[in-house]
Amino acid sequence: MTQTLTTGFTMTIGGKSVAGAGGFGVVNPATGQVFAEAPDCSREQLDQAMAAAKAAGVSWRKDEDARRGAIKQAADALLTHTEDLAEVLSAEQGKPLKAAAYEITETARWLAATADLELPRTVLQDDASAYAEVVHRPLGVVAAITPWNFPLLLAGWKLGPALLAGNTVVIKPSPFTPLSTLRLGEIVASVLPPGVVNAVSGGDDLGAWMTSHPAVRKISFTGSVPTGKAVAAAAAPDLKRYTLELGGNDAAIVLDDADVATVERGLFWGAFINNGQICAGIKRIYVPERLHDELVEALAARARSVRVGAGTEKGVQLGPIQNLPQFERVRGLVADALDNGAVAAAGGKPFDRDGYFFEPTILTGVAEGTRIVDEEQFGPALPVIPYRDLDDAVERANNTDYGLSGSVWSPDLDRAAEVAARFDSGTAFVNDHLALQPYLPFGGSKWSGVGVENGPWGLAEFTELQVIYRNRK
């Protein structure tokens, strides 16, 4: 498969396929080897993409019904390419083919659901003296910058509301996973007017050019906290609007009445889905002392049973870590924990094979003050921490710079909901984690980001309010 993927990737600018000014290698994380070349966008080509987006916006913003129909067409077009697009996504990202196909169908579902959202017009005054209403207007050109963990789904989270609101988009994927988004750009451009969506690829310099570009009025960024802070700084001189969806260090709290056999599966996959490479996944578990050993063994048994391998291998549940820097980070965090007294109940080291494969790891004997508890690991390693007092567990769960999500696990739903409401986080789950839907707002507090995505709240982030006032006197 890798031989058939080595060539033919182009950018989409103004509705046309455009080769890069140069190129850069894309690594298959299952082998650790370059398998394809992506186009490297020059500053001049970025200017062309921005000019195309700005010109297309003049007509695109005029017809809301036409925009809805076009977004649904884009969703349908995406579904027709599920199989071939899944192969590209699996090869560059590492996730199993089944998971890659699911990401594509979810992206289409998100686009279609967003197309049905309403752009409200609110009447504030309607009497003999005046008529006043508030409307939502498009901002203009949107710079959408996406990460490597869910490149297509998170592209859909940005494209759908940006386009429905009447904006046009220049989208840049992570240089670790550029290929599937370039294909997405081609597919979407086939059903949209030229210039409405432009897809470019490149490294950090390209991202910096985009966030400071004078044509851009809105930045939608998903990625790391340090880069998010740099995006905010770049937006400040021009007062660009921005939405930042950044990291998380989500805690799950198991209550003392929980049944381990009932909750362990949800806890495990809440942490290890996508090989732990998900911002809102479980990063720490707090469990009552009396349930600690039982839960650790249940999680460890599941970790040992999970099949890890290349995404193309039949029956694989988890693939490799996506890139070498992240692989080294996870390895370093686990080694640091073990050096400081932690015990690996399962895993604890890389697999002895090519590629960036790391054993699903359950750690015990860790607490705050250990890096893997205090920091976001973003990989297949999970610390399980005992507690005696629930109030103390909640305080420890909140004692982080992040505030994306959290979850509470108990058969007593009312009690669990009361505890969940104490999380300093954008979302608080009960007996679930990562139950994300197009109609639910998604965002976080503190370092987890600024603004929200999804639902009418996410749509509003791509608009600005305008008061239309008519004097009737």
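The values are calculated or read from the model by the stated rules, or taken from the named source; none is laboratory data. Everything numeric here is computed off the predicted structure, so don't read it as measured data. Neighbour counts are summed over all protein chains in view; Cβ atoms, including those assigned to glycine, are modelled from backbone coordinates with ideal geometry. Just so you know, the surface numbers come from the protein's heavy atoms only, side chains and all, with ligands and any DNA or RNA stripped out. Shrake-Rupley method; radii C 1.70, N 1.55, O 1.52, S 1.80 Å.
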Only one of THR80, THR105, THR114 is touching a helix residue (DSSP H, G or I) at 6+ places or on another chain (Cβ under 7 Å), under 24 Å from ASN198 (Cβ atoms) and of a type in the set (Val, Ile, Thr), namely THR114
Could you please tell me which pairs satisfy a Cβ distance under 9 Å, a separation of 6+ or placement on different chains, a first residue in the range 450-472 that is at positive phi, and a second residue that is of a type in the set (Lys, Arg) and modelled with pLDDT under 95? none
Just to be sure before I move on: is ALA428 surrounded by fewer than 21 Cβ atoms within 10 Å (Cβ to Cβ) and closer than 23 Å to ALA261 by Cβ in the structure I sent? no
Please return the ranges of helices (runs of 4 or more DSSP H) entirely within the range 207-319 where 3 or more residues are under 30 Å from ASP391 (Cα atoms) and of a type outside the set (Gly, Ala, Ser). 260-272, 289-305
What is the residue count in the range 109-133 for residues that are farther than 30 Å from SER212 by Cα and touching a Ser or Thr at 6+ places or on another chain (Cβ under 9 Å)? 1
Which of the residues belonging to the range 121-162 are outside any strand (DSSP E or B), touching a strand residue (DSSP E or B) at 6+ places or on another chain (Cβ under 8 Å), open to solvent by less than 10 Å² (accessible area, probe 1.4 Å) and of a type in the set (A, V, I, L, M)? ALA155, LEU159, ALA162
ASP84: passes all of (1) open to solvent by 70 Å² or more (accessible area, probe 1.4 Å); (2) more than 30 Å from ILE321 (Cβ to Cβ) but (2)
Members of the range 48-65 found to be touching a residue at least 60 places away in the same chain (Cβ under 8 Å), assigned to a helix (DSSP H, G or I) and not polar (S, T, N, Q), listed by number: ALA49, MET50, ALA51, ALA52, ALA53, LYS54, ALA55, ALA56, GLY57, TRP60, GLU64
Residue under question is ALA233, and the condition is that it be buried (at least 24 other Cβ atoms within 10 Å of the Cβ) and more than 25 Å from GLY166 (Cα to Cα); does it hold? no
Among strands (runs of 3 or more DSSP E) completely within the range 353-417, the ones holding 2 or more residues that are over 17 Å from ALA300 (Cβ atoms) and out of contact with any Phe, Trp or Tyr (no Cβ under 9 Å at 6 or more places or on another chain) are none
Of all residues in the range 349-407, which are of a type in the set (Gly, Ala, Ser), closer than 23 Å to ARG265 by Cα and surrounded by fewer than 21 Cβ atoms within 10 Å (Cβ to Cβ)? GLY365, ALA367
Of the residues in the range 333-348, how many are surrounded by fewer than 24 Cβ atoms within 10 Å (Cβ to Cβ), in contact with a Ser or Thr (Cβ under 8 Å, 6 or more places away or on another chain) and hydrophobic (A, V, I, L, M, F, W, C)? 5
Failed condition for GLY166, given (1) of a type outside the set (S, T, N, Q); (2) open to solvent by 10 Å² or more (accessible area, probe 1.4 Å); (3) on the phi > 0 side of the Ramachandran plot; (4) touching a Leu at 6+ places or on another chain (Cβ under 9 Å), with all others met? (2)
Read through the list (1) under 26 Å from the mean Cα position of the chain (by Cα); (2) surrounded by fewer than 22 Cβ atoms within 10 Å (Cβ to Cβ), then give the number of the only condition that ALA74 fails. (2)
